[in-house]
Structure formats: C-alpha cells, structure tokens
Amino acid sequence: MNPTIDSRVEKSNAPLSGGWRELWSKLRRRRATRWSVYTLFFLLFIAVAADFLANEKPLYCQISGETHFPVFKGYAVAMGLAKWDAKYIRTEWSAHDYEAVWMPPIPYSPTSIDRKNTRFKSPFSKQDISSWRYRHWLGTDKLGRDVMAGMIHGTRIAMLVGILSMLVAGFIGLFMGSLAGYFGNERLKVSIVKILLLIPGILLGIFYGFSARRFILAEGVFGWEVGKGIMIFLTIVLGFYLLGTLLEKIPFLNKKITFPVDGIVMRIIEVFNSIPGLFILLAILSIVESKSVLNIILIIGFLGWTMTARFVRAAFLRIRNLPYVQAAQSLGFSSWRVIWQHALPNAMTPVYITIAFGMASAILAEATLSFLGIGVAFDAFTWGKMLSIARSNFSAWWMVVFPGIGIFVTITVFNLIGDGLRR
C-alpha cells in the first residue's frame with residue numbers, strides 16, 4: 001500500500017480547518033443572510049423555551065409552605081416520571097392561593113381559556129383583567145385563548161416540522177442519491193440468486209410490514225406503527241439478502257449481472273414527482289386517525305426527499321471520477337467506505353441548500369394542512385390553525401396578521417439562508 005496515496009485519501013475525509021468559521025464568514029458578508037441567521041436563532045430560542053415563555057403554570061411557587069416548580073414537573077409528568085397531585089388536576093393554576101409565585105412572561109398556555117375575554121378581544125380593546133400582567137397583548141380568539149401564547153407555541157411546532165421533516169427527507173435523499181450517483185447503471189454487480197431472492201423478499205416485506213397491518217396503521221399511533229412496519233420490512237429483506245449471500249457461494253449460482261441502480265432510483269423519483277405532493281398528503285392523512293406532530297413530520301419527510309436525492313446524485317456523478325475517489329478504489333476500499341467516508345462529505349454542499357429551502361416548504365405545507373383542518377391534533381395550536389379560526393370572524397384582523405407574519409418571516413428566513421448557501 002502506498003502511504004502517500006493512503007494519506008491523501010484519508011486527508012480528503014478530514015474536515016477543513018475552520019470550515020464552519022469560513023462558511024459563516026462568507027454568509028455574513030451579505031446583510032440579508034446574516035440577519036436571517038440571527039432571526040433563525042431567535043426563532044429556535046422561542047421554540048425551545050416556549051413552555052417558559054408562555055404557560056399558565058408558574059415557573060416557581062409556594063403553596064401551603066411547599067415549594068414547587070410546575071413547568072419543570074410538567075416535563076417529568078409528560079415522560080411518566082411523576083404524577084400531579086389531585087388538587088392540581090381539579091383546580092386551575094390561577095385559582096391557587098400562592099404564598100410566592102413567579103409566572104412566565106405570558107401567563108397563558110395556548111389552550112388556556114379566559115372566559116372573561118371571549119369572542120375575539122383585539123389587542124387594543126378593553127379587556128376584563130385583574131392587572132396589566134394578565135393582559136392579552138395580541139388579543140384572543142373566539143374561545144378566549146391568548147394569541148401571543150399561540151404564536152409562541154406555534155413557533156415550536158413550525159421549527160419541529162421544518163427541521164425534523166427535512167432531516168428525514170435528507171437521510172432518505174442522501175441514501176438514494178448516493179447509490180444512484182456512485183454506482184450508476186453499470187457499476188453495481190449483483191448475483192442472479194440475490195436478485196431472485198430480493199424480489200420475493202421485498203414483496204413479502206411490503207405485505208407483512210404494511211399491507212397485513214393496514215388496520216393497525218389506520219387505528220394505532222401512526223408514526224410508531226410505521227416505524228414497526230419499516231423494521232419488519234427491513235428484517236425480511238435482510239433475511240433474504242443474507243440467504244442470497246450464502247447461496248451465491250455455490251459455483252453455478254454466483255453468476256453476476258449489472259444492476260441499474262441509477263435508472264431505478266430516477267424512475268422512483270419521477271413517480272413521486274408526477275403526483276402533486278398535496279394530494280398525497282391528503283390521501284395519507286385521510287387514512288391516519290392520529291394527527292400528531294410526529295406523523296406530520298414523517299409524512300412530509302417521506303414525500304420531500306426527491307430534490308435532495310437528485311442533487312446528491314449529480315454531485316456523485318462528478319465526484320466518483322475524481323483522483324482521490326479512484327485512489328481509494330485502487331487501494332481496495334469497499335464501495336460503502338468510499339461512499340460514506342470519502343465521497344459523501346464532499347457532496348454535502350447541495351444538501352445544505354436543498355434542506356434550507358425544504359424547511360420553508362415543510363413549514364408552509366404544515367400551515368396549509370392546519371388551515372384546512374387536517375393537520376396536527378385538535379389540542380395543538382399552530383399558525384395555520386389560527387388562520388383557520390379567523391375564517392369565522394373576518395373582523396378579527398389580529399388572527400390573520402400575526403400568524404401570517406410568523407409564516408412569512410420564517411419561510412423568508414429559510415429561503416434567504418438557502419440563497420446565501422447557494423451563492
């Protein structure tokens with residue numbers, strides 16, 4: 001083994017010194033991109049700290065000589081590590097006799113109902129409140145829910161859907177695009193026995209993982225059941241693949257043929273792109289009973305991987321003929337090592353761009369679904385759902401303006417960041 005070539009190959013995988021610092025120095029040259037990054041960090045802060053910024057529960061309180069941290073305990077209750085006492089379940093938090101209390105800046109959660117300020121109280125109208133501390137600064141909706149609290153917690157859902165759905169889409173796109181670009185239609189040689197076994201393996205995996213479980217998928221927790229279906233599918237396919245690996249050791253069964261990976265991946269992408277994404281979303285959501293945020297993330301991510309795959313494929317078609325990749329191949333490295341350790345790190349630039357633009361599309365898709373009433377669960381408060389509530393009273397301008405500004409600013413931020421990365 002030539003140590004000089006080997007060191008060059010390993011060096012190709014090493015990150016550039018100060019790579020992130022250099023990227024930031026280039027991004028900040030454009031004022032629009034720089035302020036978009038600052039705004040994104042601000043939105044992420046609101047998303048992470050939403051329960052501490054807008055909540056009907058106190059951050060700290062003393063009741064009957066006992067000290068409590070209700071917001072923190074709420075996380076423990078959600079994870080099943082603690083339980084609320086009966087008196088905290090039966091009594092509203094605002095009705096307790098506090099000896100000392102620290103409330104969040106907005107003393108309302110998005111589901112809190114202020115019965116004294118129902119029927120769309122505007123931000124500038126007279127409100128029936130005990131003190132300015134409990135004022136609804138952005139108004140209320142028909143039921144008396146605080147719009148500011150809805151905006152804060154809506155930011156969390158928007159960030160979750162935008163970021164996590166594109167992480168799912170990015171993973172699928174990286175996998176499919178790298179295979180298509182690296183192997184093409186002529187580089188992957190597969191034994192006939194493996195192909196003959198993979199075909200029934202894939203069909204059986206689809207049947208036992210999804211078709212036979214279609215009623216469970218429709219009635220159970222969709223995200224969890226889809227995950228189990230994928231695991232069943234992969235287990236069956238892997239079993240048939242390992243069986244093919246054993247059988248191909250028999251001399252007359254190890255004949256190999258060229259497997260057109262690129263052609264198959266591109267046909268799959270064309271099928272996905274030929275059907276409008278909104279129609280697929282509506283079709284899937286029509287059979288899903290649980291409308292949780294996780295389900296929306298998985299569905300949007302599953303439908304949004306094609307653009308990433310196409311960009312990664314194009315990058316791999318260029319990279320696979322570069323000297324350092326050919327050097328790694330000549331040293332006998334496996335195809336998977338060459339793909340994941342040497343080629344993929346140098347093909348990530350288009351991925352960052354597509355993910356940035358994809359996050360904007362994912363947030364807009366979630367807002368559209370919530371506006372149509374088929375998005376996240378009923379008890380979740382999103383910007384799209386706030387716009388939908390405004391349809392019952394067109395004079396409630398604050399129910400349109402503030403969520404609309406939130407959607408516009410967030411989408412613009414991601415688009416400007418994507419444009420900065422592209423430049």
Note to self: Which residues does the label zone of residue 39 cover in the stretch 386-405, counting backbone N under 18 Å from a point 7 Å along Cα→Cβ?
What the structure shows: 401-405
Notebook entry, point to check: Out of 381, 358, 157, whose Cα points farthest toward the positive end of the dipole of the chain (charges: +1 Lys, Arg; -1 Asp, Glu; placed on Cβ)?
Noted result: 358
Notebook entry, point to check: Using modelled backbone amide H atoms (1.01 Å from N, in-plane), which distant-in-sequence or interchain residues come within less than 5 Å of residue 191's amide H?
Noted result: 257
Next item on the list: Over the chain, calculate the relative contact order: mean separation of alpha carbon pairs under 8 Å at least 6 apart, over the residue count, as a percent.
Entry: 20
Check: Over what distance in Å are the Cα centres of the stretch 374-423 and the stretch 249-323 separated?
Finding: 29
Margin query: Over 29 Å apart: what share of the alpha carbon pairs of the stretch 264-423 falls there, rounded to a whole percent?
Written below: 36
Note to self: Over the chain, with a Gaussian network built from C-alpha contacts below 10 Å, which listed residue (88, 108, 182) shows the highest mean-square fluctuation?
What the structure shows: 88
Margin query: Here are labelled values, [x] 27.0; [y] 49.8; [z] 21.6, and one is the computed mean projected area of the Cα convex hull in nm² for what I pasted. Which one?
Written below: [x]
Check: How large is the dipole of the chain about the Cα centre if only Lys and Arg carry +1 and Asp and Glu carry -1, each at its Cβ, rounded to the nearest 20 debye?
Finding: 1120
Checklist line | Per-residue HN-Hα couplings for the stretch 242-257 [Karplus 6.51, -1.76, 1.60; θ = phi - 60°; Hz; x = Gly/Pro] | finding: 5, 4, x, 4, 6, 6, 6, 6, 6, x, 7, 10, 9, 5, 10, 10
Check: Between residue 167 and residue 195, what length in nm is gained on full extension when 0.36 nm per residue of separation is reduced by their alpha carbon distance?
Finding: 7.0 nm
Margin query: Compute a Gaussian network model of the chain, connecting alpha carbons closer than 10 Å, and tell me which residue from 177, 304, 332 fluctuates the most.
Written below: 332
Notebook entry, point to check: How would you rank 225-232, 366-373, highest first, on the average number of other Cβ atoms within 10 Å across their residues?
Noted result: 366-373, 225-232
Note to self: Tell me which of 322, 24, 392 sits at the most positive position along the dipole axis of the chain, charges placed on C-beta atoms (Lys, Arg +1; Asp, Glu -1).
What the structure shows: 322
Next item on the list: Go ahead and set up a Gaussian network model of the chain, Cα springs under 10 Å, then flag whichever of 323, 251, 110 fluctuates most.
Entry: 251
Item checked: Over the chain: helical MRE at 222 nm, DSSP H runs n ≥ 4 each giving -39500 (n - 2.57), nearest 500 -> -19500 deg cm²/dmol
Next item on the list: Of the options 67, 100, 86, report the single residue whose Cα projects farthest towards the positive end of the charge dipole of the stretch 56-103 (beta-carbon charges: Lys, Arg +1; Asp, Glu -1).
Entry: 86
Checklist line | Extent along principal axes [Cα atoms of the stretch 56-103; Å; largest to smallest] | finding: 28, 20, 19
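Values in this text are rule-based calculations from the coordinates and carry no lab data. If you're wondering where the values come from, they're calculated on a predicted model, not measured in any experiment. Positions of Cβ are generated from backbone atoms using ideal geometry, with glycine treated the same way; all protein chains shown enter the neighbour counts.
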